[in-house]
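The values are calculated or read from the model by the stated rules, or taken from the named source; none is laboratory data. Since this is a predicted model, take the numbers as computed values, not measurements. Cβ placement follows ideal geometry from the backbone for every residue including glycine, while neighbour counts extend to all protein chains displayed. When the accessible area is computed, the model is the full protein with side chains, heavy atoms only, and any ligands, DNA or RNA have been set aside. Shrake-Rupley method; radii C 1.70, N 1.55, O 1.52, S 1.80 Å.
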Amino acid sequence: MKCVKVQRKTGTVPSEARAPRAETGLSRQFFAPRRTQHSRRGLAMLEVITALFIVTFGIFSVLTMYHVGMAKARALREHGLVMNALENELEGLRAMPFETLPRDWNGAFHATAPDLGALVNAHPRVRIQPFENRQDLLDVRASIRWSGEHGRTIEKSLTTLIADKPVRGI
């Protein structure tokens, strides 16, 4: 009988002393391929490319959200400016004596001169006409049309009725 010497320093057993392996027909390389220096470099390169793709995708997503957010902020700013100008015109017309209001007006703002310099191609209009042929009630419609983002035409308008109110004595 042959004596097997066990090496204690590394804890390995010589190949002759190991139990025989059952052959499955598949090579050892299929289950546990050896990692060489070259394959490790290729794997590291794949990881770097994947990380760059993810970071690039994230940066483009953030830039797109920033651009969309800025466009929406501009649209909100324009909307606020227009609505403020329309309300000022209607309030200015309401504050005027009823006798001084024109009975048939379709033109530029009558009571105020809004500063619409921030809008592209802004066209303020006000239309004043009798409501249902009544002389004591005026239908007033103030509107502003301008070019928004990408040349799109936008129009906002407000409509109100102004009545001839009798003056009450105190």
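Assorted remarks:
- Restricting 133, 106, 121 to those that are surrounded by fewer than 16 Cβ atoms within 10 Å (Cβ to Cβ) and touching a residue at least 24 places away in the same chain (Cβ under 8 Å) reduces the list to 121.
- Check on residue 120, touching a helix residue (DSSP H, G or I) at 6+ places or on another chain (Cβ under 9 Å) and within 25 Å of residue 166 (Cβ to Cβ): no
- Only residues that are within 17 Å of residue 110 (Cβ to Cβ) and open to solvent by less than 20 Å² (accessible area, probe 1.4 Å) were counted across segment 136-155, and they come to 5.
- Under the condition of being in contact with a Leu (Cβ under 8 Å, 6 or more places away or on another chain) and part of a loop (DSSP other than H, G, I, E, B), the residues counted in segment 161-170 number 1.
- Screening residue 158 with (1) open to solvent by 90 Å² or more (accessible area, probe 1.4 Å); (2) in a strand (DSSP E or B); (3) modelled with pLDDT of 90 or more gives one miss only, at (1).
- Residues of segment 53-91 that turn out to be open to solvent by less than 90 Å² (accessible area, probe 1.4 Å), in contact (Cβ under 8 Å) with a residue 40 or more places away in the chain and of a type outside the set (A, V, I, L, M, F, W, C), as a count: 4
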